[in-house]
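To start, the structure itself, in structure tokens.
The values are calculated or read from the model by the stated rules, or taken from the named source; none is laboratory data. Please read these numbers as outputs of a predicted model, since none were measured by experiment. In this analysis, Cβ positions are derived from the backbone assuming ideal geometry, glycine residues included, and neighbour counts consider all displayed protein chains.
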Amino acid sequence: MTRTQGYVPDGIPMEPPRFWTRPSESLRNIGNLTKLMLWPYGLIYIGLSVVVWNYFTPALARMARFEIGWVAEIYVRNLVMVAVWVSAIHFWLYVRRAQGERFKYDDRWLSTTARRFMWRNQAWDNAFWTLVSAPVLWTFWEAVLYWCYANDYIPHVRWSDGAGWVVYLVAMTVFSFWLVAGYFYVTHRFLHTRPLYRWAHYLHHKNVNTGPWTGLSMHPIEHLLYFSTPVFFLFIPANPFIIIVTQIFTGLAPSLGHSNFDRIVVAGDRTLPAGDYFHDLHHKYFECNYGTPVIPVDAWVGTWHDGSPEAHERMRGRREAAGHTSR
């Protein structure tokens, strides 16, 4: 598959963050990366989580038994959230085309003729898998954790437990972003093993030129793994609110990361960050950038593609040595 080149962001070649340096420098790097994850969208996800927890989540007392009523409430809430969020991004960038190809990584638009997509329409195909499968598995993990909390089967820290525990839960809220980023590498690399790729992950990789609906366009097996980050809180003391933050970040962030636009123009020269060029290279070239640039496991294991022609040649050499067709 030949990449059609469009916008290339500043900072190429991308350097992996350095954690193993002097303690002061490592802490500064971690602080800067945390700000990057929280501003602006992380704070939006946290704010949305506050609203969802207080107004759109059933009382924990109802969840001591699995019942269709409270599970359905959570499912409808998750379905509406993802449908509204992704539709808004898709409408602005791809229906209205409000900024044309400005900041677009690939100068092609989404396909409406490719046989590999249902109805030969990439956006419709992606929206189908996003809306039909993702909210179900998102809700599944959320409901399991709520049921565990309601029955005191797992460590449950309450906001009313004292000032020290409030500080702990605030730290856990921030930590959840790091947890999702790190666990993504593990699940994603697992999905690139031969059986799971053939059974499930191939569906996501039908998208070489991505769009907002691509982010959650996955096989149900992949959704089951992708939304499973809350399993860590079976052992880590936390609060149901942290589960909401974790799942909202997991469920909403991919639409921006796969938008194929590096930035969204909001007014004149004012822009907001949007796409993830690091992950865009993974969709284009496949055998690189399995994780995120925040936790640079790819740099540690030799699959970091920094966006330069030299990195692409190194990757091509690895593919040829393994007997694969070069891209």
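Going by the conditions given, is residue 271 buried (at least 20 other Cβ atoms within 10 Å of the Cβ) and under 30 Å from residue 122 (Cβ atoms)? The answer is no for residue 271. For segment 13-29, how many residues are more than 22 Å from the chain's Cα centre (by Cα) and touching a residue at least 40 places away in the same chain (Cβ under 8 Å)? Final tally of qualifying residues: 1. So for segment 9-31 (the condition being more than 25 Å from residue 124 (Cα to Cα), among the hydrophobic types (A, V, I, L, M, F, W, C) and buried (at least 18 other Cβ atoms within 10 Å of the Cβ)), does at least one residue qualify? Yes, because at least one residue in segment 9-31 is more than 25 Å from residue 124 (Cα to Cα), among the hydrophobic types (A, V, I, L, M, F, W, C) and buried (at least 18 other Cβ atoms within 10 Å of the Cβ).
Considering (1) crowded, with 16+ Cβ neighbours inside 10 Å; (2) in contact with a Leu (Cβ under 8 Å, 6 or more places away or on another chain), the lone condition that residue 280 does not fulfil carries the number (2).
Any residue that is in a helix (DSSP H, G or I) and either closer than 19 Å to residue 249 by Cβ or among the basic types (Lys, Arg) (or both) - is there at least one of those in segment 14-30?
As a first pass, look at segment 14-30 and keep what is in a helix (DSSP H, G or I): 23-30.
Applying the additional criterion that residues be either closer than 19 Å to residue 249 by Cβ or among the basic types (Lys, Arg) (or both) yields 28, 30.
Yes, segment 14-30 contains at least one residue that is in a helix (DSSP H, G or I) and either closer than 19 Å to residue 249 by Cβ or among the basic types (Lys, Arg) (or both).
On inspection, residue 88 qualifies as over 17 Å from residue 150 (Cβ atoms), surrounded by fewer than 16 Cβ atoms within 10 Å (Cβ to Cβ) and among the hydrophobic types (A, V, I, L, M, F, W, C). For segment 46-86, the set of residues classified as more than 27 Å from residue 175 (Cβ to Cβ), basic (Lys, Arg) and part of a helix (DSSP H, G or I) consists of 62 only.
Filtered by the rule that a residue be touching a helix residue (DSSP H, G or I) at 6+ places or on another chain (Cβ under 7 Å) and closer than 22 Å to residue 238 by Cβ, segment 171-222 gives 172, 173, 174, 176, 177, 179, 180, 183, 185, 187. Kindly check whether there is at least one residue in segment 312-325 that is among the polar types (S, T, N, Q) and either touching a residue at least 40 places away in the same chain (Cβ under 8 Å) or under 19 Å from residue 191 (Cβ atoms) (or both). For segment 312-325, residues among the polar types (S, T, N, Q) and either touching a residue at least 40 places away in the same chain (Cβ under 8 Å) or under 19 Å from residue 191 (Cβ atoms) (or both): absent.
When residue 38 is tested against (1) surrounded by fewer than 17 Cβ atoms within 10 Å (Cβ to Cβ); (2) over 30 Å from residue 135 (Cα atoms), just one condition goes unmet, and that condition is (2). Hey, any hits in segment 104-120 for a residue that's under 16 Å from residue 209 (Cα atoms), surrounded by 12 or more Cβ atoms within 10 Å (Cβ to Cβ), in contact with a strand residue (DSSP E or B) (Cβ under 9 Å, 6 or more places away or on another chain) and at pLDDT 95 or above? So far as segment 104-120 goes, yes, one or more of its residues are under 16 Å from residue 209 (Cα atoms), surrounded by 12 or more Cβ atoms within 10 Å (Cβ to Cβ), in contact with a strand residue (DSSP E or B) (Cβ under 9 Å, 6 or more places away or on another chain) and at pLDDT 95 or above.
Within segment 30-43, how many residues are within 15 Å of the chain's Cα centre (by Cα) and either among the β-branched types (Val, Ile, Thr) or farther than 24 Å from residue 77 by Cα (or both)?
Let us first name the residues in segment 30-43 that are within 15 Å of the chain's Cα centre (by Cα), namely 36-38, 41-42.
Next cut, either among the β-branched types (Val, Ile, Thr) or farther than 24 Å from residue 77 by Cα (or both) only: 36-37.
Adding up the residues that qualify gives 2.
Contact annotation: residue pairs with Cβ atoms under 8 Å, 6 or more positions apart or on different chains, pairing a residue in segment 221-233 that is within 12 Å of residue 140 (Cα to Cα) and touching a residue at least 60 places away in the same chain (Cβ under 8 Å) with a partner that is buried (at least 16 other Cβ atoms within 10 Å of the Cβ) and among the charged types (D, E, K, R), are 230/142. The residue of segment 283-304 that is nearest to the chain's Cα centre (by Cα), among those that are without any contact (Cβ under 8 Å) to a residue 24 or more places away in the chain and surrounded by 16 or more Cβ atoms within 10 Å (Cβ to Cβ), is 289. For beta carbons closer than 9 Å, sequence separation of 6+ or different chains, a first residue in segment 48-65 that is over 11 Å from residue 150 (Cα atoms) and surrounded by 15 or more Cβ atoms within 10 Å (Cβ to Cβ) and a second that is basic (Lys, Arg) and modelled with pLDDT of 95 or more, the qualifying pairs are 52/77; 56/77; 57/77.
Does segment 209-249 hold any residues that are buried (at least 24 other Cβ atoms within 10 Å of the Cβ), among the hydroxyl-bearing types (Ser, Thr, Tyr) and under 30 Å from residue 161 (Cα atoms), and which are they? Hit for segment 209-249 is 246, nothing else.
Can you confirm whether residue 31 is small (Gly, Ala, Ser) and closer than 25 Å to residue 266 by Cβ?
Values: small (Gly, Ala, Ser): yes; closer than 25 Å to residue 266 by Cβ: no.
Criteria not met by residue 31.
Scan segment 189-202 and report the pairs whose first residue is within 10 Å of residue 222 (Cβ to Cβ) and whose second residue is of a type in the set (Ser, Thr, Tyr), with Cβ atoms within less than 8 Å and a gap of 6+ or a chain change. Going by the 8 Å Cβ cut-off, the qualifying pairs are 191/197.
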